[in-house]
1. Can you tell me which of (1) crowded, with 18+ Cβ neighbours inside 10 Å; (2) within 24 Å of the chain's Cα centre (by Cα); (3) more than 24 Å from V546 (Cβ to Cβ) is the one Y389 doesn't meet?
2. Collect the residues in region 33-65 that are open to solvent by 10 Å² or more (accessible area, probe 1.4 Å) and either within 25 Å of L385 (Cα to Cα) or among the β-branched types (V, I, T) (or both), keeping them in residue-number order.
3. Across region 309-334, what is the number of residues that are assigned to a helix (DSSP H, G or I) and basic (K, R)?
4. From the set of residues in region 14-32 that are of a type in the set (A, V, I, L, M, F, W, C) and not in a helix (DSSP H, G or I), which is least open to solvent (accessible area, probe 1.4 Å)?
5. Is there a residue being on the phi < 0 side of the Ramachandran plot, in contact with a Ser or Thr (Cβ under 7 Å, 6 or more places away or on another chain) and in contact (Cβ under 8 Å) with a residue 40 or more places away in the chain anywhere in region 455-477?
6. Collect the residues in region 399-421 that are within 20 Å of Y540 (Cβ to Cβ) and of a type in the set (D, E), keeping them in residue-number order.
7. Could you check region 393-402 and list, in sequence order, the residues that are in a loop (DSSP other than H, G, I, E, B) and surrounded by 19 or more Cβ atoms within 10 Å (Cβ to Cβ)?
8. I need the full set of residues from region 267-295 which are of a type in the set (K, R), surrounded by fewer than 23 Cβ atoms within 10 Å (Cβ to Cβ) and within 30 Å of D141 (Cβ to Cβ), in order please.
Amino acid sequence: MTLSTAPVLVAGSGPSGLVAALTLLQNNVPVRIIEKESHHQIGQRGNGIWPRTSEVFHFLRVQEIHQRGTALFSVKEYKPGSLESVNSFVMFPPTDPTPSVPYSNPTILGQPALEGILRSHLEKYGCFVELGTELQSFEDDGDQVLAKLVKTKDGEEVSETFEASYVIGADGAKGITRKQLGLSFLGETRQDLVAVVGDICLENEGLDRNHWHMIGVGSGNRFMLRPTDEVGPDGFQFLLSSKDYDPKQLIADEKLMFKCMSELMGQQVNVRKIVVLSEFRPNIRMVDKFGLGRVFVAGDAAHVHSPTGGQGLNTSVQDALNLAWKLSLVYKGLSPVSLLDSYTSERLPVIAEMLNITTGLLNKLINETHSTQGGMAREQRMTMLGVNYRTSPIVIEGFTQADPVSAYGVLQEGVLVAGDRAPDAPGLVMDSSGGETETRLFDIFSAVRHTVLVFVPDAASSTDILEGLQRYPKDVIRPVIVLPQGSEVTAVAQGDVVADRQGHAYRAYLAVRGERKVVVVRPDGVAGAIVHGVEGLGKYFSKILV
């Protein structure tokens with residue numbers, strides 16, 4: 001396989017496509033991103049952002065998502081056929097941030113807003129989503145991918161053959177990429193929860209705007225409403241499921257849909273505006289591999305599942321970053337093509353576990369006959385902070401013989417193994433031209449490079465490690481010497497030096513004062529290697545770089 005300087009083609013402009021494109025652009029890889037629809041998608045759709053995904057957006061420096069996200073509402077449950085409240089509960093009890101976990105709670109941000117923010121970051125690189133442009137077919141000859149595109153404008157179709165170095169199919173469950181690759185998409189389509197979903201503007205004094213409202217649960221009918229000012233001051237995202245009406249009927253007949261809503265609420269519904277409607281039924285499927293040759297799939301093109309647990313958008317974003325940092329290195333000729341095989345080996349176990357978890361939550365919700373609380377409660381692993389790649393063929397662990405754990409595990413305090421999420425640590429002091437400045441590890445980590453954290457008693461103890469790192473390209477590796485609490489910051493020529501003034505880094509990384517420990521943090525914020533020194537670093541980078 002030879003190097004190609006042609007752009008990477010990203011088909012699909014949802015969260016996975018946008019994150020893949022942004023990561024590639026930040027790594028100076030040219031990108032063309034297309035979207036078959038003639039307009040950007042509307043509708044809240046996937047709106048939950050879990051802590052691990054918030055960390056991904058931190059590494060990508062997309063801070064507006066943190067600024068605009070809102071807290072998860074409590075749930076208010078009502079008696080069927082009325083607005084008489086019978087229960088109120090918290091789906092995910094909030095927890096305080098810690099030095100190692102700055103994003104400890106989920107936030108809510110509608111998908112149109114999130115995608116708009118991501119597009120604005122692409123546009124800083126001169127990259128714009130091409131609407132009305134569809135990937136119809138492609139041919140991978142081993143050295144490049146010839147993609148047949150069809151652009152629709154003013155009702156006319158214009159065909160184009162585009163030469164791409166690689167193709168990322170983020171074109172959804174019905175897209176062409178997975179189908180043409182011939183990847184399996186095994187699973188099931190559930191018929192036990194068929195519903196109308198969408199966004200509406202609804203006038204009703206009985207519904208406050210600081211709860212997620214659940215009406216009719218346990219009766220075989222469900223009307224769920226989440227207030228969102230992104231839709232309007234009286235806007236709601238909703239799900240409507242009725243044993244008496246077919247969703248297709250409700251979508252086709254607005255009056256019938258309003259009648260169904262009114263029956264479930266026990267009073268007349270005044271729908272001021274319908275923003276978007278669609279039919280929903282859970283599909284639970286996944287691919288057997290995430291790519292073939294120069295063509296890959298991510299997000300819904302690779303896996304679909306129940307929305308219970310709100311993991312879909314989050315897993316899609318994490319697919320995209322996992323693939324894109326590796327593809328960037330391979331594109332530049334810095335990494336072997338075999339590195340791309342780890343995209344499948346790392347993400348496949350995670351997605352398989354995720355499908356099991358979200359299907360279990362769906363079953364609980366459907367089978368709950370008395371209260372939604374049991375079916376709506378969310379456990380700690382939903383944060384995704386415990387998602388890990390411990391079994392990955394490209395991680396190196398030199399300190400611990402770790403017990404096997406689920407790929408979708410729970411974050412364990414006092415445990416850090418190669419393949420785990422790399423913790424944050426604030427209160428680091430760095431020497432700069434203007435004197436000492438304070439920083440944190442998450443502000444040092446980046447989607448464009450590996451960060452090599454070198455825990456040593458003093459800067460002189462890191463000399464052999466810094467010299468060993470000189471054999472690798474400087475723009476993809478950043479050495480950071482981490483000195484223990486009480487140390488003075490002294491500059492070195494071959495890396496950055498920080499003093500762990502508050503001790504958070506040494507605690508989070510289980511480093512011992514007076515001893516040496518080296519942790520390589522990948523561009524996706526995963527501890528790729530935890531080793532003693534030069535030999536361990538050599539083993540790790542032999543798998544990553546040529």
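1. Failing condition for Y389: (3).
2. Matches in region 33-65: I42, R45, G46, N47, G48, W50, R52, H58, R61, Q63, E64.
3. Count: 1.
4. V29
5. yes
6. Selection gives D420 alone.
7. Answer for region 393-402, where residues must be in a loop (DSSP other than H, G, I, E, B) and surrounded by 19 or more Cβ atoms within 10 Å (Cβ to Cβ): I394, V395.
8. At the first step, the residues of region 267-295 found to be of a type in the set (K, R) are 272-273, 281, 285, 289, 294.
Remaining after also requiring surrounded by fewer than 23 Cβ atoms within 10 Å (Cβ to Cβ): 272-273, 281, 285, 289.
Across region 267-295, the qualifying residues are R285, K289.
The values are calculated or read from the model by the stated rules, or taken from the named source; none is laboratory data. Owing to the predicted nature of the structure, the values given are computational and were not obtained by experimental measurement. Note that we place each Cβ from the backbone using ideal geometry, even for glycine, and neighbour counts take in every protein chain shown. Ligands, DNA and RNA are stripped out before the accessible areas are found, and what is left, the full protein with its side chains, is counted by its heavy atoms. Shrake-Rupley method; radii C 1.70, N 1.55, O 1.52, S 1.80 Å.
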